[in-house]
Amino acid sequence: MPQIIGEYVDRLCTVEMELNLKGRPRDKTRLLYDSARAKQKHPLTYLAAKRLTEAVGKDDSVIFLTGAGAPSFLPKGETDGPLGVASLARALKLGLGARPFVITEERCAGPARATCQATGLDISDGSGSSRAGRPARGTFKRKDHAAQRGCFLDFPQGPQGALERSIEILDQLSPKAVIAVEKTGPNDKGVFHTVRGLEVKSQTQAHAYHLIEQAARRGILTIGIADGGNELGCGLIKEDVKRILKWGRVCQCPCRGGVATRVAADVLVLAAISNWGAYGVAACLAFMLGNVDLVQDAPMERKMLKACVATGCFDGVYEAQVESVDATSMDVQASLVTMLRAIVENGLTRIK
Ligand SMILES: [Zn+2]
């Protein structure tokens, strides 16, 4: 039964909504999804939720990564990512008792924090030492309040110190999962790109992909939730991304290495919009744990998007501060969570 629910959820979260503004091929979502599905066999949202229920227990740390684009066109990040993180962090906290820790670029932390706050999650502040708008320092003693409930973690921008910081975080928190939602990953040459094949300067990015790679080496569950092929996790289907995307194999920047990221994850959830993939995982968790409220309802979804945009976040397709996600309106987001909740509720009713 969870697999059947996962099938419906996957279908809903992969409805193509692409405006084709960026020269992406039409039908891109289906092609990427089919590749990820063929590789992993089971419905993707189901698989991620199942692995999380197996790996994560009460008070276990779970690390979330998000952040896409560059300051020149997305000064405080984009609405795809923070809402997915907030939704899934909330589901893991309420459903499994996990402690969520969030990492994003410092310039994106304000909107990400506001979005988490809008869900009622108390992970917005750190250990008390942070100044406004700055992620808290992530060095904890066991009884620190922030460490008990989860919080935003400092992470450097650019390559310098990123590997060391990743190892330090894994040592301190011993997380049971690392989950990336719409987090740009490097290609084979270590260069970051937009899906349009343009270089995103290394110094503008939190090189948090080290957390995925180092977690994998320690046997910690890694999950990538993506919609474009250039985000963490898509390394699992790298050759197909190179084939499917216009700039997959050869990019427009001098590196010529293509936008496909090399960074794979244990589970890759491919969706039409990354947030939707995260919502889908939350929906499968809600079904498995018998609690529909693990998926935010429409009023909460609206509150999250309003909070995210009010604090400076942009729609990543419009590159403007409007209350939409990848050029789909707030009504669409609210409708999607309403439909996800209906799938979960109907499923739970049937098994009573
Ligand atoms: Zn390039």
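The values are calculated or read from the model by the stated rules, or taken from the named source; none is laboratory data. Given the structure is predicted, the values throughout are model-derived calculations rather than measurements. Because the Cβ atoms are built from the backbone with ideal geometry, glycine has one as well, and the counts that use them run over all protein chains shown.
Of everything in the range 202-226 that is in a loop (DSSP other than H, G, I, E, B) and either surrounded by 22 or more Cβ atoms within 10 Å (Cβ to Cβ) or touching a residue at least 12 places away in the same chain (Cβ under 8 Å) (or both), the residue that is nearest to the ligand (Cβ to nearest atom) is Gln205. Would you confirm whether any residue within the range 265-277 is within 16 Å of the ligand (Cβ to nearest atom), within 21 Å of the chain's Cα centre (by Cα) and either surrounded by 24 or more Cβ atoms within 10 Å (Cβ to Cβ) or part of a helix (DSSP H, G or I) (or both)? Within the range 265-277, none of the residues are within 16 Å of the ligand (Cβ to nearest atom), within 21 Å of the chain's Cα centre (by Cα) and either surrounded by 24 or more Cβ atoms within 10 Å (Cβ to Cβ) or part of a helix (DSSP H, G or I) (or both).
What residue, among those in the range 165-201 that are away from the ligand (no atom under 16 Å from the Cβ) and closer than 27 Å to Cys251 by Cβ, is farthest from the chain's Cα centre (by Cα)?
For the range 165-201, the residue satisfying everything is Ser166.
Filter the range 233-248 down to the residues that are closer than 11 Å to Gly197 by Cα and of a type in the set (Gly, Ala, Ser) and list them by number. Across the range 233-248, the qualifying residue is only Gly248.
Among the residues of the range 231-243, those that are on the phi < 0 side of the Ramachandran plot and buried (at least 21 other Cβ atoms within 10 Å of the Cβ) comprise Glu231, Leu232, Cys234, Gly235, Leu236, Ile237, Val241.
Residues checked against (1) in contact (Cβ under 8 Å) with a residue 24 or more places away in the chain; (2) assigned to a helix (DSSP H, G or I); (3) closer than 25 Å to Asp240 by Cβ:
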| residue | (1), (2), (3) |
| --- | --- |
| Leu32 | yes, yes, yes |
| Leu47 | yes, yes, yes |
| Phe64 | yes, no, no |
| Leu74 | yes, no, no |
| Val102 | yes, no, no |
| Arg113 | yes, yes, no |
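Out of Ala109, Ala86, one residue alone is in contact with a strand residue (DSSP E or B) (Cβ under 9 Å, 6 or more places away or on another chain) and at pLDDT 95 or above. It is Ala86. Can you work out which of the residues in the range 129-188 that are in contact with a Lys or Arg (Cβ under 6 Å, 6 or more places away or on another chain) and among the acidic types (Asp, Glu) is modelled with the highest pLDDT? My answer is Asp188. Criterion first (surrounded by fewer than 20 Cβ atoms within 10 Å (Cβ to Cβ), within 16 Å of the ligand (Cβ to nearest atom) and not polar (S, T, N, Q)) does Val259 satisfy it? No, not satisfied. On inspection, Ala298 fails the criterion of being farther than 30 Å from Ser35 by Cβ and free of Cβ contacts under 8 Å to residues at least 12 places away in the same chain.
Selection of the range 56-112 for residues being acidic (Asp, Glu) and within 11 Å of the chain's Cα centre (by Cα) yields only Asp80. Here Phe73 meets the list (1) touching a strand residue (DSSP E or B) at 6+ places or on another chain (Cβ under 6 Å); (2) surrounded by fewer than 24 Cβ atoms within 10 Å (Cβ to Cβ) almost entirely, failing just condition (1). Are any residues in the range 229-248 touching a residue at least 60 places away in the same chain (Cβ under 8 Å) and within 20 Å of Ser87 (Cβ to Cβ), and if so, which ones? Scanning the range 229-248 gives Glu231, Leu232.
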